[in-house]
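A quick write-up on the structure given underneath.
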Amino acid sequence: MSSLTPSPAPLPPLDHIPDGVFCAADYERLAPRFIAAPTHAYIAGGSGHDVTVAANRAAFAGWAICPHVLADVRQGHTRLALPGALTLAHPLLLAPVAYQTLVHPAGEVASAQAAEATHSGLVVSTLASQPLDEVAAHAGPARWFQLYLQPTREATLALLRRAEETGYTAIVLTLDASIQVPSLHALRAGFRMPAHVAAVNVVVQAVAETTSVQPGHSRIFQGVMQQAPRWDDLDWLLAQTHLPVWVKGVLHPDDARALQARGVAGLVVSNHGGRGLDGAPGSLRMLPQVREAVGAAFPLLFDGGIRSGADVFKALALGADAVLIGRLQLYALSVAGALGVAHMLQLLRDELEICMAQAGCATLADVRRAALLPASATAFQPRAVPDADHH
């Protein structure tokens, strides 16, 4: 097809599960039919040359799951407890994906309905395109609020109080998004945020233009980084709320240790889906190092490249307590709204339980002890990671 040939108009979301969806990843295959090409490029891309987006996916191929026979898994389950979530039925949470009305008119409300129907955790973005209270009204009890620090502490506190008042049970502070370089693929596709899609929960305030700096100064160091979060901002936030505060966007073990010492409730090992530093390692590659840094019992979530239940299993075996589902959420939402997201989550859960059963794992604690080994290994050398109790 010529580059000048217009792309076909996207199909409207369906009110049923389409034929041919046999696994969770099939929603990624179908999504280009339902999402305009420039928007799809924006969703699928990360930053710069999309090196880290590719690294996230490639990291999973480096590991294999070794099966066990004769294990009694008849009493198996996937229950776990996390700070701010009571007890979850399974380790799948919907990630805080922004601007969901890009792909479906109901946006985050539909995702909340899917989370409630499947007993899944939900993390709602500061940049949600639906009001926080309306999303909360359709979500289950395990609903968290992802927070970007605002230009002023007053604005941040207003968002925090609104989340508390509308029943969100944990705060997920994202720290790795101070600079986001657009994906070149999305830029070349001509993506522009539509006028009707907005971060409706954020009050736009007049602030100094951060990119206007004195001659000879850096547009980065003396520009955009002037409002980047610092340690005193974290300390201030921890003192402002009774809710557990998680930190998202951690890859370096030293950062993990420092944040743990500061008193956060848990960490999300994540490179922002490849939207941060392009060329950063895949999240899965760093997960065992972060787990080793914080010890066996400290709560860790994982984000970055999940497309199957086998991927979930590998992340859990390498040290995560649960995982966040990002792009698959948007793909399923675009195809079939709340029904699609719920179906995608159920498929992931089924795929995870199939892996667990065949690997002889009746519980998530068993998965942490599972025989995971390098896919290219010629001898059996299971990857050992610290153990932790799951309930």
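Worth pointing out:
- Among Ala315, Ala58, Ala112, the residue with the largest mean-square fluctuation in a Gaussian network model of the chain, with springs joining Cα atoms closer than 10 Å, is Ala58.
- Computed about its Cα centre, the charge dipole of the stretch 287-380 is approximately 100 debye, with only Lys, Arg, Asp and Glu carrying charge at their Cβ.
- The chain - percent of accessible surface contributed by carbon and sulfur, probe 1.4 Å: 56 percent
- Neighbours of Glu108 by Cβ distance under 12 Å: Lys/Arg scored +1, Asp/Glu scored -1, total -1.
- Positive-end extreme of charge dipole, the stretch 1-107 - chosen from Val51, Ala98, His68 (charges on Cβ): His68
- Dipole magnitude for the chain: about 560 debye, using +1 per Lys or Arg Cβ and -1 per Asp or Glu Cβ, origin at the Cα centre.
- Accessible surface for Asp232 stands near 80 Å², nearest 10, in the context of the full protein assembly shown (1.4 Å probe).
- The trypsin sites (Lys or Arg not before Pro) of the stretch 20-112 meeting both criteria, a DSSP state outside H, G, I, E and B (loop) and at most 16 other C-beta atoms within 10 angstrom of the site's C-beta, are Arg74, Arg79.
- Percent RCO, i.e. relative contact order, over the stretch 15-157, from Cα pairs under 8 Å lying at least 6 residues apart: 16 percent
- Packing-based order for 59-71, 153-165, 172-184, using average beta carbon neighbours within 10 Å, highest first: 172-184, 153-165, 59-71
- Solvent exposure of the chain, expressed per residue, is 45 Å² of accessible area, with all protein chains present and a 1.4 angstrom probe.
- Dipole of the chain, positive direction: furthest Cα of Val21, Gly276, Ala310, with charges on the beta-carbon: Gly276
- Relative contact order of the chain, pairs being alpha-carbon contacts under 8 Å that are 6 or more residues apart, as %: 27 percent
- Relative contact order %, the stretch 240-341, counting alpha carbon pairs below 8 Å whose residues are six or more apart: 23 percent
- Residue among Ala9, Gln358, Ala89 farthest towards the positive dipole end of the chain, charges placed on Cβ: Ala9
The values are calculated or read from the model by the stated rules, or taken from the named source; none is laboratory data. The structure displayed is predicted, hence computed values, not measured ones. Positions of Cβ are backbone-derived with ideal geometry, glycine not excepted, and every protein chain shown enters the neighbour counts. Surface areas here come from the heavy atoms of the whole protein model, side chains and all, with no ligands, DNA or RNA. Shrake-Rupley method; radii C 1.70, N 1.55, O 1.52, S 1.80 Å.
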